[in-house]
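Taking it in order: structure first as C-alpha cells, then the write-up.
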Amino acid sequence: MKIRTIKSEGLAHNSYIIFDQDEAAVIDPRRDCEIYTELAKEECSKIKYILETHRNEDFVIGSLELQKMTSAEIGHSNALPFKYGEHNLADNETLSLGGVKIRTLYTPGHTDESLCYVIYPSQSDESTLVFTGDTLFAGSVGRTDLYGKTSQPTQANKLFQSLHNKLLTIGDHILVYPAHGAGSVCGHGISGTEPTTIGYEKKTNPYLQLGREDFVRKVSSETLVVPRYFKRMEEYNLNGPPLLSELAYPKPLSLQEFEEEMAEQNMIAIDTRLPYAFAGSHIPNSQSLWLGGTSVYPGWLLDINQYIVFVLERSQDIDTVAPRFRRLGFDNLCGFLCGGMNEWQEAGNPVRNFGTMSAMELKDRLGSGEVLLLDVRDPPEWAEDGYVEGATRLFFADLPEKADSLPKNKPIAVTCSVGNRSSIALSILERKGYRNIINVLGGMTAWENLGYPTKKEA
C-alpha cells in the first residue's frame, strides 16, 4: 500500500491518492486533477474510487472532473442529497480497494455529513491510518460555524461526540491524514505536523484536552473568516460544478483586445505583480493581487460572477493563476495582456501609482501626526501579534463595504505583515476614490524587527 499527498498551496488543502495492488482511490480531489491520473500512471494503477469527506466549502471539488477522466466511482455521505455520485455512504460501510478495506466513520460536527475513512491493509483486521477530512487536524479541529453562530454550540457538541466516541477510539497508533494543514481557514491554529497520529493528538492537541462543556465553549467562541465565495462552493459541491472542458481557457490578448475587454460590464483587471511594482505603475482601478495570493484571496475579495482579465509579470504566469482561480469557482477568466504593463505604458495609456514608505519613516511620520495608519491584517493577528497603538484596524477583505468610514483629507499609510495584503487594500481604496495612500513595505514584520512597540488586547 502506498499513499501520496497532493498539496494546494495557499488553500493549505491536502488531497490524497492511495494505491494497493493495481487499484487506487483519491480522497477530496481538487478541480485541476491531472496530477492524480499522472500518479496512477506512474504506479500502473486504475483509479477505482473518488471519495469525499464532506461537501467542501473552501474549494471546488474535482470529483466529476476526475470521474470523466477515469470512470471511477464517486462516494460521499448519505446525509446530504448530492446530485452526483454512485455511493451514498452511511456509517460503518466498507469498500474494497485491491486488498485494502476502506471503512466509513460518520463524524458530524464540522458539517452534518462529514465522513472519515479508516484504512485496513491487506489481510489485516487492524487499521493503520485514517483520512479525517475537516473533523480532526494536527493541533486543531474543524470549524463549527458554517451553519451560523446560533447553531455553533449544537455543531460543537456533535463534533465532540464524533471525536471522543468515534475517531479517538480507533487506536493511538493510527496515522491521521487531514484535509488541511497550517494556514487553512477551516480550523483555528492548525499545526504543520504531517501526518500526525491519534495518540499524538490525544497528548498534544489543546482541543482534545477539554471536557465537553469547555470544548463547546472554546469552539463556539472562535470567530473565523467566512470568505464570500463559500456559498458558491457549497452549491457547486452539492450539485456538481461545470467541467473545465466546458470552459474557455484565458486567452492571450493584444492591447486593443485587452482594452475592449476592459470596457465590458462587470470586468476587472487583476494585476499579479509584486506590490512594489504595482505601487510604481498600474492600470487605473485595477486590483492588486500578487501571484502568491492568487491561491486563496480571490474568493475573499471578488464576486464569484466577476469577469476577469489579468496583468502578469510573465505570460507563463497564467498557467499558475488560472488553475488557482478555478479551484475557487472563478470561471469567467477572459484573458491576459500579452505585453504586460510595459505594453500598456508604452502605448501612452493612463497609469496610477501609490506612495511607499519604510517602517522607520512610518514611525517618524506617525510621531508628527502626518499620517493615519490603517492595519488591514486578519483580526487574530491583531490579538496574537499586536498592533501599533492608535492604528485604525480594518480587515482588508471588509474594505469593499467599510472603506467609506476612512477620512479622505489625510494621508493614509496602510500596513499588513509585509506589504502584500496592504497592496490589495490600497487598490480597493483607489477604486473608492482615495488618492493620498501609501504602502508600508515590510509592514509589521519590519516594525517589529526594528524593535518598535506594539500593543495587544485580551
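The values are calculated or read from the model by the stated rules, or taken from the named source; none is laboratory data. Since this is a predicted model, take the numbers as computed values, not measurements. Note that we place each Cβ from the backbone using ideal geometry, even for glycine, and neighbour counts take in every protein chain shown. Only protein heavy atoms, including side chains, enter the accessible area calculation; ligands, DNA and RNA are left aside. Shrake-Rupley method; radii C 1.70, N 1.55, O 1.52, S 1.80 Å.
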Lone qualifier among Lys41, Lys48, Lys7 - being more than 24 Å from Glu235 (Cβ to Cβ) and without any contact (Cβ under 8 Å) to a residue 40 or more places away in the chain: Lys41
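Hey, can you tell me all the residues within the stretch 384-426 that are of a type in the set (Gly, Ala, Ser) and open to solvent by less than 50 Å² (accessible area, probe 1.4 Å)? Even if it seems obvious, please write down each step before you answer.
Going through the stretch 384-426, the residues of a type in the set (Gly, Ala, Ser) turn out to be 386, 390-391, 397, 403, 405, 413, 417, 419, 422-423, 425.
Correct list: Gly386, Ala391, Ala397, Ala403, Ala413, Ser417, Gly419, Ser422, Ser423, Ala425.
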- prompt: Is it true that some residue in the stretch 363-377 is on the phi > 0 side of the Ramachandran plot, touching a residue at least 24 places away in the same chain (Cβ under 8 Å), open to solvent by less than 20 Å² (accessible area, probe 1.4 Å) and touching a Leu at 6+ places or on another chain (Cβ under 7 Å)?
  reply: no
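Of these, Ile268, Ile318, which one is outside any helix (DSSP H, G or I), over 30 Å from Ser162 (Cα atoms) and among the hydrophobic types (A, V, I, L, M, F, W, C)? Show your work before the answer.
Working: Ile318 fails: outside any helix (DSSP H, G or I).
Within the list Ile268, Ile318, the selection yields Ile268.
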field: Residue list for the stretch 95-141, filter: touching a strand residue (DSSP E or B) at 6+ places or on another chain (Cβ under 7 Å) and among the β-branched types (Val, Ile, Thr)
entry: Val100, Ile102, Thr104, Thr107, Val118, Ile119, Thr128, Val130, Thr132, Thr135
query: Restricting attention to the stretch 340-361, which residues are part of a loop (DSSP other than H, G, I, E, B) and either of a type in the set (A, V, I, L, M) or surrounded by 17 or more Cβ atoms within 10 Å (Cβ to Cβ) (or both)?
result: Ala347, Val351, Phe354
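Out of all the residues in the stretch 137-149, is one or more on the phi > 0 side of the Ramachandran plot, open to solvent by 10 Å² or more (accessible area, probe 1.4 Å) and either in contact with a helix residue (DSSP H, G or I) (Cβ under 8 Å, 6 or more places away or on another chain) or not aliphatic (A, V, I, L, M) (or both)?
Kept after step one, since they are on the phi > 0 side of the Ramachandran plot, are these residues of the stretch 137-149: 139, 148.
Pick out the ones that are also open to solvent by 10 Å² or more (accessible area, probe 1.4 Å) and you get 139, 148.
Okay, now just the ones that are also either in contact with a helix residue (DSSP H, G or I) (Cβ under 8 Å, 6 or more places away or on another chain) or not aliphatic (A, V, I, L, M) (or both), so 139, 148.
Yes, there is a match, as at least one residue in the stretch 137-149 is on the phi > 0 side of the Ramachandran plot, open to solvent by 10 Å² or more (accessible area, probe 1.4 Å) and either in contact with a helix residue (DSSP H, G or I) (Cβ under 8 Å, 6 or more places away or on another chain) or not aliphatic (A, V, I, L, M) (or both).
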query: In the list Ile270, Ile318, which residue meets the criterion of being touching a Phe, Trp or Tyr at 6+ places or on another chain (Cβ under 6 Å), of a type in the set (Val, Ile, Thr) and within 18 Å of Leu399 (Cα to Cα)?
result: Ile270
message: For Lys251, only one of the following conditions fails: (1) within 21 Å of Thr320 (Cα to Cα); (2) open to solvent by less than 80 Å² (accessible area, probe 1.4 Å). What is its number?
response: (2)
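Looking only at the stretch 362-382, which residues are part of a loop (DSSP other than H, G, I, E, B) and closer than 19 Å to Leu301 by Cα? Break it down stepwise before answering.
Of the stretch 362-382, the ones part of a loop (DSSP other than H, G, I, E, B) are 368-371, 376-378.
The answer is Val376, Arg377, Asp378.
Does Phe330 qualify as being surrounded by 17 or more Cβ atoms within 10 Å (Cβ to Cβ), in contact (Cβ under 8 Å) with a residue 12 or more places away in the chain and closer than 26 Å to Asn56 by Cβ?
Values: surrounded by 17 or more Cβ atoms within 10 Å (Cβ to Cβ): yes; in contact (Cβ under 8 Å) with a residue 12 or more places away in the chain: yes; closer than 26 Å to Asn56 by Cβ: yes.
Considered against the rule, which asks whether it is surrounded by 17 or more Cβ atoms within 10 Å (Cβ to Cβ), in contact (Cβ under 8 Å) with a residue 12 or more places away in the chain and closer than 26 Å to Asn56 by Cβ, Phe330 comes out as yes.
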- prompt: Which of the residues spanning the stretch 191-238 are more than 15 Å from Phe137 (Cα to Cα), outside any loop (DSSP other than H, G, I, E, B) and of a type in the set (Val, Ile, Thr)?
  reply: Val216
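Quick check on this structure: which one of Ala397, Ala403 is part of a helix (DSSP H, G or I), at pLDDT below 95 and farther than 21 Å from Arg273 by Cα? Give the steps one after another, and end with the answer.
On the way: Ala397 fails: farther than 21 Å from Arg273 by Cα.
Among Ala397, Ala403, only Ala403 is part of a helix (DSSP H, G or I), at pLDDT below 95 and farther than 21 Å from Arg273 by Cα.
Can you confirm whether the stretch 262-270 contains a residue that is β-branched (Val, Ile, Thr), surrounded by 21 or more Cβ atoms within 10 Å (Cβ to Cβ), out of contact with any helix residue (DSSP H, G or I) (no Cβ under 7 Å at 6 or more places or on another chain) and farther than 26 Å from Arg4 by Cα?
Narrowing the stretch 262-270 to residues β-branched (Val, Ile, Thr): 268, 270.
Those left that are additionally surrounded by 21 or more Cβ atoms within 10 Å (Cβ to Cβ): 270.
Checking which are out of contact with any helix residue (DSSP H, G or I) (no Cβ under 7 Å at 6 or more places or on another chain) leaves us with 270.
Going one step further and asking which of them are farther than 26 Å from Arg4 by Cα, we end up with 270.
Yes, the conditions are met somewhere in the stretch 262-270.
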query: Out of the residues in the stretch 158-174 that are in a helix (DSSP H, G or I), of a type in the set (A, V, I, L, M) and open to solvent by less than 10 Å² (accessible area, probe 1.4 Å), which is nearest to Pro195 (Cα to Cα)?
result: Leu167
task: Read through the list (1) of a type outside the set (Phe, Trp, Tyr); (2) buried (at least 20 other Cβ atoms within 10 Å of the Cβ); (3) closer than 17 Å to Glu430 by Cβ, then give the number of the only condition that Val216 fails.
output: (3)
task: Check Gln256, Gln316 and return the single one that is surrounded by fewer than 15 Cβ atoms within 10 Å (Cβ to Cβ), at pLDDT 95 or above and over 26 Å from the mean Cα position of the chain (by Cα).
output: Gln256
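Of the residues Pro252, Pro284, Pro241, which single one is closer than 19 Å to Met341 by Cβ, assigned to a loop (DSSP other than H, G, I, E, B) and of a type outside the set (A, V, I, L, M, F, W, C)?
Values: Pro252 fails: assigned to a loop (DSSP other than H, G, I, E, B); Pro241 fails: closer than 19 Å to Met341 by Cβ.
Of Pro252, Pro284, Pro241, the one residue that is closer than 19 Å to Met341 by Cβ, assigned to a loop (DSSP other than H, G, I, E, B) and of a type outside the set (A, V, I, L, M, F, W, C) is Pro284.
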task: Check whether at least one residue in the stretch 175-183 is farther than 26 Å from Ala79 by Cβ, touching a His at 6+ places or on another chain (Cβ under 7 Å) and surrounded by fewer than 19 Cβ atoms within 10 Å (Cβ to Cβ), and report yes or no.
output: no
query: For the stretch 275-293, which residues satisfy the criterion of being in contact (Cβ under 8 Å) with a residue 40 or more places away in the chain, open to solvent by 10 Å² or more (accessible area, probe 1.4 Å) and aliphatic (A, V, I, L, M)?
result: Ala277
message: Which numbered condition in (1) touching a helix residue (DSSP H, G or I) at 6+ places or on another chain (Cβ under 9 Å); (2) in contact (Cβ under 8 Å) with a residue 60 or more places away in the chain; (3) closer than 18 Å to Arg431 by Cα is the only one that Val311 fails?
response: (2)
field: Qualifying strands (runs of 3 or more DSSP E) (wholly inside the stretch 73-123; at least 1 residues being at pLDDT 95 or above and among the acidic types (Asp, Glu))
entry: 73-77
